[in-house]
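> Below are the structure tokens for one structure; questions will follow.
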Amino acid sequence: MKKENNGTVKIIPIGGLEQIGMNMTAIESEDSIIVIDCGLAFPDDEMLGIDLVIPDITYLKDNIAKVKGFVITHGHEDHIGAIPYVLKEVNVPIYATKLTMGIIESKLKEHNLMREVKRKVIKYGQSINLGCFRIEFIRTNHSIADSAAFAIFTPAGTIVHTGDFKVDYTPVFGDPIDLQRFGELGKKGVLALMCDSTNVLRPGFTMSEKTVGKTFDTIFSENIHSRIIIATFASNVDRVQQIINSACKFKRKVCVEGRSMVNIVGVAQELGFLDIPAGTLIETEQMKNYTNEQIVLITTGSQGETMAALSRMAASLHRKVSIQPGDVVIFSSTPIPGNEKSVSKVINELGMKGAKVIFQDAHVSGHACEEEIKLMYSIIKPKYSIPVHGEYRHLKGQAELAEGLGIKKENIFVLRSGDVLELSEEKAEVVGKVQTGAILVDGLGVGDVGNIVLRDRQNLAENGIIIVVLTLEKFSNQLLSGPDIVSRGFVYVRESEGLMDDAKAVVEKSVQHCLDKNISDWSKIKGIIKDDLSDYMWKKMKRNPVILPIIMEA
């Protein structure tokens, strides 16, 4: 007998819409909330000094009694990176596949959280019950092995969340995506599909990961006498496997450089997701014992990140590896939107050192293109379409595609982070908004740097600072010494003595004015100094430095 679906379910994206990264979605029904993924985003250029950006989880903290657990689709930073930070405040069990859990555990070890956090490894086809939900893990393909989609059985009907996926009929590791299971779900009836939008604007199908292996073989055979350096995402375990396969074919030793790369290769090898023949891997220090044609170096930094191994090599800052003329450097990734500038900077630096740089055809995407997304819709046949994972243009692109496939316009929802979408068999509507946003992580501080601090940092970076120091006598408020002026990042003092003398005169005049009027309130004196000096600098230089008056008493 078929169970009647007569409840409602709420879908609440907490992050991951409007941008690539910070993926996190809460699904709520009755007294239960489950959370899909828990990712971070990398800071943009305006976020000076910020290391990571994580989602604001106020809604989960406020409803902690309902939160039953995190279910994780795969092991990429934009899906698991925030876990150690979020678990400190919302400590609930985590459910993930084997490799994903291995990568999560190496993060938890770093943050000393292994004891406190409950974890369960789930196999494909297995279901778990969390509150009023049943969640089934379904096999998909992506640029990291062990990726999963979810069928979430709710009181209102079935929701399918694809996670990041592509359709790869010849994956490097494991089996192809389980299209049959998606088809079975489609036959039984699916209430809503939450589908990856990253590559929806690219026509056709995404190439199989296997094709990159052929490209590597070609590059290796054409550059037999050079040392080969390949930069790729640390988490792309299948890509690392193919580099190792080519290296073994051409009898080269493999060296792994970059902290995240070393970590993930270690975890993947331990769990059996990487097959590395004995004697293939060597330590970076051992490279000097081999000739260039015997070495392949796999490194992080394919996105031009300043601190990653490849960028440090290009800038001659790497302790163990220096780029030599004749090296062949392969970028096995495409720049994430926004990183193009830093990538071309690294490519230029490598070129100047005499390296040959290859970045065509050495990469395929891990995300479904237009035709694969159409395939998903056609076999799942959802009533409602909720595009996820992408910038607005990607979500909008998928909305148009869904409409083209016959889904009614009023059943397609392009949401913003924080929207509360309530679904039932009869209707669906956005019924409210919850607090969301970005929490900035700087060093060990989580959330202590906000917009005001960032604005100050930007101001300091753009305009520099002038510090005015003077000493007043305790009771009589007579000027005993100063004013002295110190500047940083404003002008080079030794070449601008005239300007500094004039600035000093301006401050002296302001202080005298205060003393003549018997103004003894220091904050008032500071305010007057600030205003007068600021006016002078703007008139003279058209610049607005940060002015910091310091008054001491004697």
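The values are calculated or read from the model by the stated rules, or taken from the named source; none is laboratory data. Keep in mind that what you see is a predicted model, and the values were worked out from it rather than measured. Here the Cβ is made from the backbone with ideal geometry for all residues, glycine too, and neighbour counts use every protein chain on show.
> Would you tally the residues in the stretch 106-134 being more than 21 Å from D175 (Cα to Cα) and touching a residue at least 24 places away in the same chain (Cβ under 8 Å)? It would help to see each step written out before you state the result.
Filtering the stretch 106-134 down to residues more than 21 Å from D175 (Cα to Cα) leaves 106-120, 128-134.
Applying the additional criterion that residues be touching a residue at least 24 places away in the same chain (Cβ under 8 Å) yields 106-108, 110-111, 113, 116-120, 128, 130-133.
Count: 16.
> Okay, next question. It is to be established whether one or more residues within the stretch 484-497 are within 19 Å of E553 (Cβ to Cβ), more than 44 Å from the chain's Cα centre (by Cα), touching a residue at least 12 places away in the same chain (Cβ under 8 Å) and not in a strand (DSSP E or B).
No: the stretch 484-497 contains no residue that is within 19 Å of E553 (Cβ to Cβ), more than 44 Å from the chain's Cα centre (by Cα), touching a residue at least 12 places away in the same chain (Cβ under 8 Å) and not in a strand (DSSP E or B).
> May I ask you to list the residues in the stretch 214-253 that are within 18 Å of G326 (Cα to Cα) and among the β-branched types (V, I, T)?
If the condition is that a residue be within 18 Å of G326 (Cα to Cα) and among the β-branched types (V, I, T), then T218, I219, I224, I228, I229, I230 are the ones that fit.
> Just checking, does the stretch 181-203 include any residue being assigned to a helix (DSSP H, G or I) and in contact with a His (Cβ under 9 Å, 6 or more places away or on another chain)?
Looking only at the stretch 181-203, we keep the residues that are assigned to a helix (DSSP H, G or I), and these are 181-188.
Keeping just the survivors that are in contact with a His (Cβ under 9 Å, 6 or more places away or on another chain) gives none.
Among the residues of the stretch 181-203, not one is assigned to a helix (DSSP H, G or I) and in contact with a His (Cβ under 9 Å, 6 or more places away or on another chain), which makes the answer no.
> Being part of a helix (DSSP H, G or I) and either in contact with a Gly (Cβ under 8 Å, 6 or more places away or on another chain) or not small (G, A, S) (or both) is the requirement here; does V321 meet it?
Details: part of a helix (DSSP H, G or I): no; either in contact with a Gly (Cβ under 8 Å, 6 or more places away or on another chain) or not small (G, A, S) (or both): yes.
Considered against the rule, which asks whether it is part of a helix (DSSP H, G or I) and either in contact with a Gly (Cβ under 8 Å, 6 or more places away or on another chain) or not small (G, A, S) (or both), V321 comes out as no.
> How many of the residues in the stretch 309-359 are of a type in the set (G, A, S), surrounded by fewer than 19 Cβ atoms within 10 Å (Cβ to Cβ) and over 26 Å from Y290 (Cα atoms)?
So in the stretch 309-359, the residues of a type in the set (G, A, S) come out as 309, 311, 314-316, 322, 326, 332-333, 338, 342, 344, 351, 354-355.
Among the residues that remain, those that are also surrounded by fewer than 19 Cβ atoms within 10 Å (Cβ to Cβ) are: 315-316, 322, 326, 338, 342, 344, 351, 354.
Right, trim to over 26 Å from Y290 (Cα atoms) and you get 338, 342, 344.
The qualifying residues number 3.
> Of (1) assigned to a strand (DSSP E or B); (2) touching a helix residue (DSSP H, G or I) at 6+ places or on another chain (Cβ under 9 Å), L60 satisfies all except one. Which?
(1)
The rows are residues; the columns are (1) surrounded by 14 or more Cβ atoms within 10 Å (Cβ to Cβ); (2) touching a helix residue (DSSP H, G or I) at 6+ places or on another chain (Cβ under 8 Å).
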{"site": "I452", "(1), (2)": "no, no"}
{"site": "R457", "(1), (2)": "yes, no"}
{"site": "R488", "(1), (2)": "no, no"}
{"site": "V491", "(1), (2)": "yes, yes"}
{"site": "A505", "(1), (2)": "no, no"}
{"site": "V511", "(1), (2)": "yes, yes"}
{"site": "I525", "(1), (2)": "yes, yes"}
{"site": "W538", "(1), (2)": "no, no"}
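> If we scan the stretch 379-402, do we find a residue that is at pLDDT 95 or above, surrounded by fewer than 16 Cβ atoms within 10 Å (Cβ to Cβ), among the aliphatic types (A, V, I, L, M) and out of contact with any Gly (no Cβ under 6 Å at 6 or more places or on another chain)?
Looking for residues that are at pLDDT 95 or above, surrounded by fewer than 16 Cβ atoms within 10 Å (Cβ to Cβ), among the aliphatic types (A, V, I, L, M) and out of contact with any Gly (no Cβ under 6 Å at 6 or more places or on another chain), one finds none in the stretch 379-402, hence no.
> Can you tell which of A151, A145 is surrounded by fewer than 24 Cβ atoms within 10 Å (Cβ to Cβ) and closer than 18 Å to I177 by Cβ? Let's see the steps before the verdict.
Working: A145 fails: surrounded by fewer than 24 Cβ atoms within 10 Å (Cβ to Cβ).
Every option except A151 fails the conditions.
> Identify, please: which residue in the stretch 509-550 is in contact with a Gly (Cβ under 9 Å, 6 or more places away or on another chain) and outside any loop (DSSP other than H, G, I, E, B) and is, among those, modelled with the lowest pLDDT?
Only one residue tops the list, namely V511.
> Taking V265 and the conditions (1) free of Cβ contacts under 8 Å to residues at least 40 places away in the same chain; (2) surrounded by fewer than 16 Cβ atoms within 10 Å (Cβ to Cβ), which numbered condition does it fall short on, given that it satisfies the others?
V265 satisfies every listed condition except (2).
> May I ask you to say which residue of I54, I50, I34 is over 26 Å from C195 (Cα atoms), within 23 Å of the chain's Cα centre (by Cα) and not in a helix (DSSP H, G or I)?
Residue meeting the stated conditions: I50.
> List pairs: first residue in the stretch 299-314 and farther than 17 Å from D45 by Cβ and in the same structural domain as S260 (by TED's automatic domain parsing), second residue modelled with pLDDT under 90 and basic (K, R) anywhere in the structure, Cβ distance under 8 angstrom, at least six positions apart or on different chains.
So the pair list comes out as T300/R259.
> Checking the structure you have, find out if any residue of the stretch 81-92 is part of a loop (DSSP other than H, G, I, E, B) and either among the hydroxyl-bearing types (S, T, Y) or more than 28 Å from F42 (Cα to Cα) (or both). Don't jump to the end; show me each part of the working.
Within the stretch 81-92, the subset part of a loop (DSSP other than H, G, I, E, B) is 81-82, 88-92.
Right, trim to either among the hydroxyl-bearing types (S, T, Y) or more than 28 Å from F42 (Cα to Cα) (or both) and you get none.
Within the stretch 81-92, not a single residue is part of a loop (DSSP other than H, G, I, E, B) and either among the hydroxyl-bearing types (S, T, Y) or more than 28 Å from F42 (Cα to Cα) (or both).
> Of the numbered conditions (1) in a loop (DSSP other than H, G, I, E, B); (2) surrounded by fewer than 20 Cβ atoms within 10 Å (Cβ to Cβ), K120 fails exactly one; give the number of that condition.
With respect to (1) in a loop (DSSP other than H, G, I, E, B); (2) surrounded by fewer than 20 Cβ atoms within 10 Å (Cβ to Cβ), K120 is out only on (1).
> Evaluate the stretch 274-294: report whether one residue or more is under 26 Å from the mean Cα position of the chain (by Cα), crowded, with 16+ Cβ neighbours inside 10 Å and outside any loop (DSSP other than H, G, I, E, B).
The initial filter retains those residues of the stretch 274-294 that are under 26 Å from the mean Cα position of the chain (by Cα), namely 274.
Adding the requirement that they be crowded, with 16+ Cβ neighbours inside 10 Å leaves 274.
Checking the rest, the ones that are also outside any loop (DSSP other than H, G, I, E, B) come to none.
No; the residues of the stretch 274-294 include none that is under 26 Å from the mean Cα position of the chain (by Cα), crowded, with 16+ Cβ neighbours inside 10 Å and outside any loop (DSSP other than H, G, I, E, B).
> Among S226, S208, S246, which is crowded, with 23+ Cβ neighbours inside 10 Å, in contact with an Asp or Glu (Cβ under 9 Å, 6 or more places away or on another chain) and among the hydroxyl-bearing types (S, T, Y)?
Working: S226 fails: crowded, with 23+ Cβ neighbours inside 10 Å; S208 fails: crowded, with 23+ Cβ neighbours inside 10 Å.
When all the criteria are applied, what remains is S246.
> Turning to a different aspect of this structure: What are the residues in the stretch 162-194 that are within 26 Å of K10 (Cβ to Cβ) and aliphatic (A, V, I, L, M), if any?
L185, V190, L191, A192, L193, M194
> When you go through (1) touching a strand residue (DSSP E or B) at 6+ places or on another chain (Cβ under 8 Å); (2) not in a loop (DSSP other than H, G, I, E, B) one by one for T211, which number turns out not to apply?
Of everything listed in (1) touching a strand residue (DSSP E or B) at 6+ places or on another chain (Cβ under 8 Å); (2) not in a loop (DSSP other than H, G, I, E, B), T211 misses just condition (1).
> Kindly evaluate K341 against the criterion of being in a helix (DSSP H, G or I), over 23 Å from G366 (Cα atoms) and either within 25 Å of the chain's Cα centre (by Cα) or free of Cβ contacts under 8 Å to residues at least 12 places away in the same chain (or both).
On the way: in a helix (DSSP H, G or I): yes; over 23 Å from G366 (Cα atoms): no; either within 25 Å of the chain's Cα centre (by Cα) or free of Cβ contacts under 8 Å to residues at least 12 places away in the same chain (or both): yes.
Taking the combined requirement at face value, the residue does not satisfy it.
> Right, something else. Scan the stretch 457-478 for residues that are at pLDDT 75 or above and within 27 Å of I519 (Cβ to Cβ) and jot them down.
Step one: filter the stretch 457-478 for residues at pLDDT 75 or above, giving 457-473, 478.
Residues satisfying the conditions are I465, I466, I467, V468, V469, L470, T471, L472, E473, Q478.
> Return a yes/no flag: does the stretch 401-418 have any residue that is farther than 27 Å from G7 by Cβ and under 30 Å from the mean Cα position of the chain (by Cα).
Checked against the condition, which is being farther than 27 Å from G7 by Cβ and under 30 Å from the mean Cα position of the chain (by Cα), the stretch 401-418 yields at least one hit.
> Within the stretch 381-416, which residues are of a type in the set (D, E) and without any contact (Cβ under 8 Å) to a residue 40 or more places away in the chain? Reasoning before the result, please.
Of the residues in the stretch 381-416, the ones of a type in the set (D, E) are 391, 400, 403, 410.
Within the stretch 381-416, E400, E403, E410 meet the criteria.
> If you take the residues of the stretch 363-378 that are assigned to a helix (DSSP H, G or I) and of a type outside the set (F, W, Y), which of them is surrounded by the most Cβ atoms within 10 Å (Cβ to Cβ)?
If we filter the stretch 363-378 for residues that are assigned to a helix (DSSP H, G or I), which is where we start, we get 370-378.
Narrowing further to those that are of a type outside the set (F, W, Y): 370-376, 378.
On the way: E370: 18, E371: 14, E372: 23, I373: 28, K374: 16, L375: 16, M376: 24, S378: 13.
This residue is I373.
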